[in-house]
Amino acid sequence: MARRRTALALALVLVATATACGSDDPLTHPWRPGGAGTPVPATRTAPPGDATGALAGAGASSQESAMQAWIAGFQAANPGATVSYDPIGSGGGRTQFLEGAVDLAGTDTPLDADELAAARARCAPGEVVELPLYASPIAVVLRLEGIERLALSPATLAGVFAGTVTRWDAPEIAADNPGVALPDLPITPVHRSDESGTTETFTAYLAGAAPAAWPFAPSGTWPLAGGQSAQGTSGVVQTVADGEGTIGYADASKAGGLGTVALRMGDAAVPASPEAAAALVAASPVVPDRGPTSLVLELDRAAADGYPLVLVSYVLACTAYDDAATTDLVAAFLAYVASEAGQEAAAQAAGVAPLAPGLRARVLDAVARVGERT
């Protein structure tokens, strides 16, 4: 009981700190492409706490930079606590969580019906926790000498990854980029080799925005045979960076110095931005009937303010574990991640869009249920 009171007290301190620490307006948090590894300022760490023990996590590689910032901030305030995170991909993270191999997981897609049933069995007698704690644009990255940005329509982008647009000086690309000197060079698309929520988000966008050019259902597994592939977000970025004429897709926090694609929306070419991620999250209601600790968002990409290729990523946990110490440590860590301090740490390190106040309040309410028996 004493441990539970400590965890709840920390959560309350975090909420109070978040209320007092300024605005959640995503426009106040600049996107920092290539911001992975940016030191977390001291003001971004959690309030002093006495959380102890070890947590193991695994999952979405898109969350890696943000998770590093969250872990650094939390451990700085709680020297007796250790949190690890293996960025093995969303599919691997969900599998390890369902099997009980990790305490928490990151995933770029929510649990499907079968996974949700398995997670409820794993978490019994507690409940499953699904919290949207990370929102970021997916950047289409390229390496093309002398070109830092191109504009591509959805149909052209789909054709590039479907293999029907094969050269950089193709008429479709030239039409999207009047006046740009395009090289006579073959296109090398790079996709994820592992099951990935980033891939599912990317293919869902192509299927919705350009169905004639991308006649494949959204999937976390790349739907085409062959082609260049790489493991994880970092692997895709490295493969693109090491080539010439290469193009891939990755969380914007990992784009670094690569060229990027602005998506043609009508007459405008819209680049990736955290404001787009914030706008999509703000326009997306919570899916009903999944329970008070499962806050899955029903994304409406048509409502996106500009750039629609946005990833919303979740942290999976349980409201109860086999031992009270793990339960209390999960509660304390999630409370920090959802606090304004934690959200600003992620914004500084990875350029993600902080949670809006209303959604953050719902997330913190869900976190407060960790440790309660049903």
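Taken together, the values in this text are just the output of simple stated rules run on the coordinates, not laboratory data. Since we're looking at a predicted model, the values are computed, not measured. Positions of Cβ are generated from backbone atoms using ideal geometry, with glycine treated the same way; all protein chains shown enter the neighbour counts.
Positive end of the dipole of the chain (Cβ unit charges, origin at the Cα centre): among VAL330, THR239, SER196, the Cα lying farthest that way belongs to VAL330. Here the dipole of the chain is about 560 debye; that uses its Cα centre as origin and unit charges on the Cβ of Lys and Arg (positive) and Asp and Glu (negative). When Cα extents along the principal axes in Å is calculated for this entry, the matching label among (1) 80, 53, 42; (2) 68, 44, 33; (3) 68, 40, 34 is (3). Each peptide among 171-184, 220-233, 318-331 gets the average number of other Cβ atoms lying within 10 Å of its residues, and from highest to lowest they stand as 318-331, 220-233, 171-184. Taking the helices alone, the chain has a mean residue ellipticity at 222 nm of -11500 deg cm²/dmol, built from -39,500 (n - 2.57) per DSSP H run of at least 4 residues and averaged over all its residues. With the charge dipole of segment 42-182 set up from +1 on Lys and Arg Cβ and -1 on Asp and Glu Cβ about the Cα centre, the Cα lying farthest toward the positive end among the listed residues PRO171, LEU144, GLY91 is that of LEU144.
SER229: net charge of surrounding residues, Cβ under 11 Å, Lys/Arg +1, Asp/Glu -1, itself excluded? It works out to a net charge of 0. Once the chain from ALA212 to GLU298 is taken as fully extended at 0.36 nm per residue, the excess over their C-alpha distance is 28.5 nm. Highest mean packing first, where packing is the average number of other Cβ atoms within 10 Å per residue, the peptides 293-299, 310-316, 272-278, 93-99 line up as 310-316, 272-278, 93-99, 293-299.
Rank these for me by crowding, ASP251, ASP300, ASP114, ASP103, going from fewest to most other beta carbons within 10 Å. Show your work: numbers first, answer last.
On the way: ASP251 32, ASP300 12, ASP114 9, ASP103 24.
With the sparsest Cβ surroundings first, the list reads ASP114, ASP300, ASP103, ASP251.
Using r as the Cβ-Cβ distance of LEU224 and ASP289, and R0 as 25 Å, what FRET efficiency do you calculate, to the nearest 0.05? So, using R0 = 25 Å, E works out to roughly 0.10. Taking every C-alpha pair closer than 8 Å and separated by at least 6 residues, the mean separation divided by the residue count of the chain gives a relative contact order of 31 percent. Projected label points at THR82 and ASP112, each 7 Å from Cα along the beta carbon direction, are separated by 3.7 nanometres.
Nearest-5 percent of antiparallel DSSP beta bridges in the chain? Mind dumping the intermediate values first?
Values: 26 of 45 bridges.
Among the beta bridges of the chain, antiparallel pairing accounts for roughly 60 percent.
Among TRP70, TRP214, a tally of other beta-carbon atoms within 10 Å of each Cβ gives an order, fewest to most, of TRP214, TRP70. Looking at the chain as a GNM with Cα springs under 10 Å, which of ALA60, ALA76, ALA338 has the largest mean-square fluctuation? Ranking ALA60, ALA76, ALA338 by mean-square fluctuation puts ALA76 first.
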